[in-house]
There are 2 protein chains.
Amino acid sequence: MDMLWSGWGDPARATPLPGTVIGLLRDLLGVKPRGAEPVGLTDIAVPEGQLEPAVHQALVAAVGGEEYVRTDAETRIRHTRGKSTPDLLRIREGDVADTPAAVLLPAGHDEVFAVLRACAEHGLALVPFGGGTSVVGGLAPGRGTFVALDLRRMDGLLALDPVSRTATLQPGLRAPQAEALLADHGFTLGHFPQSYEWATIGGFAATRSSGQASAGYGRFDEMVLGLTLATPEGTVDTGRAPRSAAGPDLRQLVLGSEGAFGVITSVTVRVRPVPQTRLYEGWRFASFEEGAAALRRLAQDGPRPTVLRLSDETETLIGLAQPDAIGASDAPTAAGCTAIAGYEGTVEDVSYRQERAAVVLRECGGTPLGEEPGERWAHGRYSAPYLRDALLDAGAFAETLETATFWSRVPELYSAVRDALTGTLTEQGTPPLVMCHISHVYENGASLYFTVVCAQGEDPVAHWTRAKHAANEAILAAGGTITHHHGVGTDHRDWYVREAGPLAVEALRAVKRRLDPDGLLNPGVLLPLDD
Amino acid sequence: MDMLWSGWGDPARATPLPGTVIGLLRDLLGVKPRGAEPVGLTDIAVPEGQLEPAVHQALVAAVGGEEYVRTDAETRIRHTRGKSTPDLLRIREGDVADTPAAVLLPAGHDEVFAVLRACAEHGLALVPFGGGTSVVGGLAPGRGTFVALDLRRMDGLLALDPVSRTATLQPGLRAPQAEALLADHGFTLGHFPQSYEWATIGGFAATRSSGQASAGYGRFDEMVLGLTLATPEGTVDTGRAPRSAAGPDLRQLVLGSEGAFGVITSVTVRVRPVPQTRLYEGWRFASFEEGAAALRRLAQDGPRPTVLRLSDETETLIGLAQPDAIGASDAPTAAGCTAIAGYEGTVEDVSYRQERAAVVLRECGGTPLGEEPGERWAHGRYSAPYLRDALLDAGAFAETLETATFWSRVPELYSAVRDALTGTLTEQGTPPLVMCHISHVYENGASLYFTVVCAQGEDPVAHWTRAKHAANEAILAAGGTITHHHGVGTDHRDWYVREAGPLAVEALRAVKRRLDPDGLLNPGVLLPLDD
């Protein structure tokens, strides 16, 4: 099944907002119904004939058949940019400036390498494409004609080692497919980001994804034991041992490289037994500060839940953390902040951790809310992007951004980003609701995930761009990282360069020049274009 | 205090072998007393005047005083090579071919940078020097005149964040100094490699050290949250957040770079509360295979001890795992394999893990030996290098090597390396004792640490070189990594290049050329010299 071209997910699951919410948006944020309907898929004209016949033939030869080089309008539109809110607003207006000239469907590593050689020979830029769920402009290269390399045919489980608990997966596997293949052997990856239903293994690796169960299973980059990278200059194959002192960790050079160094053609991951049981609970804290202190204590001293997250006061009140519950009669309305603590594992282990963690959470001021809020969160955990579509349809603007820092800097970073978003959007005449949650905790720090909802105003993309830039500046000034798990893409690139510093960026450009001398891989994504 | 120039550690702690052991070595391995006494420190003549006066003056200016540019023979001898057995045999014969022209003692980052600029200007190679404990030729560059950069004056705690539980340490801090500074604030790093008493924070980072408590505290590279690297081209400063999706992890590019990219001038690490209590226990298994299966189960399903190690049958029998016990009347002599499981933490946590782990270990066939073997191990945990000195004095040859792989490959790797060592040394007329232990466990695999003892024979360095090369080939063929925690240096370089593969090595050389365009930093260490 293909994702909705102009929004998120399975079109059959689209849900309009209840009237009560539309009323709330109008009264609270001044949201007005949209004037114009979005364009239809078949109304969009994409430029044709962008590939010379010789180039087209070289690509056909590389992927083994005409049917694997798609140039029809619908396929190209479906591979245009990603799923950020500006991406959706643009595609809904029929803006296909960033459409690939063709979409290639290679069947394996050797075909990927053949495509890269063909691209190098013809000076053609290439964008690797997994689930197409980038929200940071990771699929829109900076210049010229390019082709998209859709990895969906590379969707196999290549190897499973039950003794070592490792699995080698192809990059085009969507997460649910990967989970199904592993479940046949009694294993799970345990990686459940909000994009879970659509995103791919290769994309997780390329962007350092982090899932909602990261407290228990770790981030995706912590699960990876080996990678194969096809580059125009040959193959890099990493991961001879789970850990090694043999030089810099090459896996960590490929992870987060966002297609700029090469195409990830296999990923070897750590897998774990499918948990016997799962338990998700809600907790209430008087304030975000109090809740954050409780999360910190569990992250530092344990026992560590598998899922651990905390909504701030606004998010708790609005109930956007449980999008399915919006407007429902039992939606949480009490003051304070809701936390979710989830446990997955053996019955004994879940019971031990849940009981011990409950003692800690009570000591930190928490009030147990029971399993109902936890189950509600679990039920709605992949629904937020559907809600965004409904908000956009209703004339609202909704977008998210995220960062991370050390625990001692969390309060300052939280205030700085909130103030930047609120100030910039209010100045522009669209005062926002700014909500935040902590969804990933570490011994030494945590992520902050912000959701913004406001009226679309006259030019929502321009408004948001200003607000987002202000937030980026606030993040850098307050000592946060420009992205905790969304990646750099083109949207974060200029701030990433400042975060990493000029010499580090030059070192990465040296790597890119060695692996991709013609600069054809995802040009302008992650690293600036050469001058 | 300075380390013994011709051996290990504090000269006052040197211990000769008991007569019973000397008899055993003679009867079992044909070890004969050495013919010649080692040379004396003052008998060694080092080449003088290797630095032009202008270069000398530039270095003096960089480090702020004549007293910080040492050219006396003793200082230079003390900075000649590292502490591998071949290193010791060579220095005991007065071989100072790899002696630095001078030893520089910078006081901080800016002075290090000034030294690097001076070296670049004068085309002078430079070797960063921490504790001088390399056992892989990491301090002996491949060619020409060079200076050693001894970081001992950079021994401060620069920052401590008790909320985030992070500390920023200078690279010249020895581990016990670092522990003392952290203990003043109630924290520990938890990094206890066998070189603990002498090795430095910068060295741990540069070589991806792993400590004996890695099951609980992680490897050193897992503790590092940020690094500052001074290079001839400027500074790289990493670590804005504990985790980030902002591109490749630059920390993991600096970790393991062994001075080839720059000089690490500060390391920000995760720290933990000083444990309330410690408990070390011995366990007996019928075989190495059975014991390894038990370790695997704890590593994969928990509960995870803080220390977890297992000696094979030979090591258990010889009792080299408890060097202090050699020849003692209560040394373990029973058949089978001894494991040590150690627990550090709060009283409650230690008690819980110890009890649960004991159930698992029993289920896996283990017999508890109580705390005595655990305490004996803990007491002797840093003694093995002293024992090696005594063995060398007695005419024996003793050396170690290590590797790691995934669990399913452990048995094959174990046999392959043992066979390679035994075969090569026996062929050369010095049949060895080959002992092995697992000392670092992960969910997906484990390390193997081999100790070899044999007669010195006529040319022990040449004999060992052949045996070591055979072991390296066996490691590569059996799918292991060329080093789990000793590093690459010059000794492992050629096998490292094969392990990483040509394109990955080229990518790292591209980084080196960008950061060290004149190739002056640790030339020939980690990466091959340019053609």
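List of remarks:
- Taken over segment A:229-253, the residue count meeting the criterion of being open to solvent by less than 20 Å² (accessible area, probe 1.4 Å) and at pLDDT below 95 is 0.
- Test: residue in segment A:144-151 that is among the hydrophobic types (A, V, I, L, M, F, W, C), modelled with pLDDT of 95 or more, in contact with a His (Cβ under 8 Å, 6 or more places away or on another chain) and not in a loop (DSSP other than H, G, I, E, B): yes
- If the condition is being outside any loop (DSSP other than H, G, I, E, B), under 14 Å from A:Asp155 (Cβ atoms) and within 14 Å of chain B (Cβ to nearest Cβ), then segment A:187-203 contributes only A:Gly203.
- Positions within segment A:171-194 being open to solvent by 30 Å² or more (accessible area, probe 1.4 Å) and polar (S, T, N, Q), in sequence order: A:Gln177, A:Gln194
- Checking each residue in segment B:252-291 for being part of a helix (DSSP H, G or I), within 11 Å of chain A (Cβ to nearest Cβ) and not polar (S, T, N, Q) picks out B:Leu253, B:Val254.
- Selection from segment A:29-39 of residues that are surrounded by 13 or more Cβ atoms within 10 Å (Cβ to Cβ) and out of contact with any Leu (no Cβ under 7 Å at 6 or more places or on another chain): A:Gly30, A:Lys32, A:Arg34, A:Pro38, A:Val39
- In segment B:206-228, the residues that are in contact (Cβ under 8 Å) with a residue 60 or more places away in the chain, within 21 Å of B:Asn522 (Cβ to Cβ), surrounded by 24 or more Cβ atoms within 10 Å (Cβ to Cβ) and more than 8 Å from chain A (Cβ to nearest Cβ): B:Ala206
- Considering segment A:506-525, and only residues there that are within 7 Å of chain B (Cβ to nearest Cβ) and open to solvent by less than 10 Å² (accessible area, probe 1.4 Å), the residue that is nearest to the chain's Cα centre (by Cα) turns out to be A:Leu508.
- Residue ID - nearest to the other protein chains (Cβ to nearest Cβ), chosen from residues in segment A:342-352 that are in a helix (DSSP H, G or I) and in contact (Cβ under 8 Å) with a residue 40 or more places away in the chain: A:Tyr352
- Residue within segment A:455-472 that is within 14 Å of another protein chain (Cβ to nearest Cβ) and surrounded by 20 or more Cβ atoms within 10 Å (Cβ to Cβ) present: yes
- When B:Leu503 is tested against (1) open to solvent by 10 Å² or more (accessible area, probe 1.4 Å); (2) assigned to a helix (DSSP H, G or I); (3) in contact (Cβ under 8 Å) with a residue 12 or more places away in the chain, exactly one condition is not met: (3).
- Count - residues of segment A:483-492 that are more than 7 Å from chain B (Cβ to nearest Cβ) and open to solvent by 10 Å² or more (accessible area, probe 1.4 Å): 2
- Checklist (1) open to solvent by 10 Å² or more (accessible area, probe 1.4 Å); (2) at negative phi; (3) within 14 Å of chain A (Cβ to nearest Cβ) applied to B:Leu369, failing item: (3)
- Some residue of segment A:239-247 being over 23 Å from the mean Cα position of the chain (by Cα) and more than 9 Å from chain B (Cβ to nearest Cβ): yes
- Which numbered condition B:Gly480 fails, given (1) within 9 Å of chain A (Cβ to nearest Cβ); (2) open to solvent by 10 Å² or more (accessible area, probe 1.4 Å); (3) in contact (Cβ under 8 Å) with a residue 24 or more places away in the chain: (2)
- Any hit, segment A:286-300, residues being farther than 17 Å from A:Pro171 by Cα, without any contact (Cβ under 8 Å) to a residue 12 or more places away in the chain and in contact with a strand residue (DSSP E or B) (Cβ under 6 Å, 6 or more places away or on another chain): no
- Picking from residues in segment A:153-172 that are of a type in the set (S, T, N, Q) and part of a loop (DSSP other than H, G, I, E, B), the one that is nearest to A:Thr200 (Cα to Cα) is A:Gln170.
- Hey, A:Ala446 open to solvent by 10 Å² or more (accessible area, probe 1.4 Å), among the aliphatic types (A, V, I, L, M) and at pLDDT 95 or above or not: no
Every residue, every condition in (1) closer than 30 Å to B:Arg26 by Cβ; (2) aromatic (Phe, Trp, Tyr), yes or no:
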site: B:Leu448; (1), (2): yes, no
site: B:Ala455; (1), (2): yes, no
site: B:Leu476; (1), (2): no, no
site: B:His485; (1), (2): no, no
site: B:Trp495; (1), (2): no, yes
site: B:Pro502; (1), (2): no, no
site: B:Leu508; (1), (2): no, no
site: B:Leu521; (1), (2): no, no
site: B:Gly524; (1), (2): no, no
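- Qualifying residue in segment A:428-439 (condition: modelled with pLDDT of 95 or more, under 23 Å from the mean Cα position of the chain (by Cα) and within 14 Å of chain B (Cβ to nearest Cβ)): yes
The values are calculated or read from the model by the stated rules, or taken from the named source; none is laboratory data. These numbers were taken from a predicted model, which means no experiment stands behind them. Please note: Cβ atoms are built from the backbone with ideal geometry, for glycine as well, and neighbour counts cover all protein chains shown. Calculation scope for accessible area: heavy atoms of the full protein, side chains included, ligands and nucleic acids excluded. Shrake-Rupley method; radii C 1.70, N 1.55, O 1.52, S 1.80 Å.
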